[in-house]
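First the structure, in the form of structure tokens, and then the observations on it.
The values are calculated or read from the model by the stated rules, or taken from the named source; none is laboratory data. On a predicted model such as this, the values are computed, not experimentally measured, just so you know. Methodologically, a virtual Cβ is constructed for each residue, glycine included, from the backbone with ideal geometry; neighbour enumeration extends over all protein chains shown.
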Amino acid sequence: MLPNTNPQTGIRYGMISQNSLADWVMDEIFHNGTNLSYESAWEDYKAEHELTEDSEDIDEHQQEFSDGYYEDDDTYSATIDGVSVQTSSFGLWVFHSPRIVKARLCSPCVPNCGDLNNIDANGYECYGLPEEWLAE
């Protein structure tokens, strides 16, 4: 299997700079997505404190954890209107979308992934974003 392709469809994932998105897109992801960084840190905290979902004081522990939680670059995952995305330090991953586009490939940092900032009719098929998600 080639890296950065959907294992079921074989279609390349797309990657786009967050600066290329309409203003509302990141807000939508932050408000309706899952903070994967928080979830992972919470699971580590529970393991460290030997907590389970059935622990009597789980709510107090989660409040304490949440009050002290801080991460500079949280990773969020969301599915909005059939488009599955995830934030990263490189930009926004597009893991699945009803829209397929042709684009140039990304640099070696994200091998085999479609660069959605470089749409090219002679490029490679990859998952793209709906037009309304893109900045004017």
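Looking only at the stretch 66-81, filter to residues that are hydroxyl-bearing (Ser, Thr, Tyr) and within 11 Å of the chain's Cα centre (by Cα); which one of those is farthest from Leu129 (Cα to Cα)? Filtering first and then ranking leaves Thr75. Please work out which one of (1) in contact with a helix residue (DSSP H, G or I) (Cβ under 9 Å, 6 or more places away or on another chain); (2) over 24 Å from Pro3 (Cβ atoms); (3) not charged (D, E, K, R) is the condition Pro130 fails and give its number. Status for Pro130: all satisfied but (1). One residue stands out among those in the stretch 1-31 that are outside any loop (DSSP other than H, G, I, E, B), touching a Ser or Thr at 6+ places or on another chain (Cβ under 9 Å) and not basic (Lys, Arg): the one that is farthest from Leu105 (Cα to Cα), which is Phe30. Cβ-Cβ contacts under 6 Å between residues 6 or more apart (or on different chains), taken from a first residue in the stretch 82-97 that is without any contact (Cβ under 8 Å) to a residue 24 or more places away in the chain and within 13 Å of Gly128 (Cα to Cα) to a second residue that is assigned to a strand (DSSP E or B) and hydrophobic (A, V, I, L, M, F, W, C), are listed as Ser84/Phe95. Only one of the listed residues (Asp73, Asp44, Asp54) is modelled with pLDDT under 95 and over 29 Å from Ser97 (Cα atoms). That residue is Asp54. Please go through the stretch 89-120 and give me each residue that is buried (at least 19 other Cβ atoms within 10 Å of the Cβ) and of a type in the set (Gly, Ala, Ser), ordered by number. Those that are buried (at least 19 other Cβ atoms within 10 Å of the Cβ) and of a type in the set (Gly, Ala, Ser): Gly91, Ser97, Ala103, Gly114.
A Cβ distance below 8 Å, combined with a sequence gap of six or more or placement on separate chains, defines the contacts here; from the stretch 1-20, residues that are at positive phi and among the small types (Gly, Ala, Ser) reach no residue that is outside any loop (DSSP other than H, G, I, E, B) and surrounded by 11 or more Cβ atoms within 10 Å (Cβ to Cβ).
Just wondering, is there one or more residues in the stretch 32-41 that are in contact with a helix residue (DSSP H, G or I) (Cβ under 7 Å, 6 or more places away or on another chain) and surrounded by 16 or more Cβ atoms within 10 Å (Cβ to Cβ)? Within the stretch 32-41, none of the residues are in contact with a helix residue (DSSP H, G or I) (Cβ under 7 Å, 6 or more places away or on another chain) and surrounded by 16 or more Cβ atoms within 10 Å (Cβ to Cβ).
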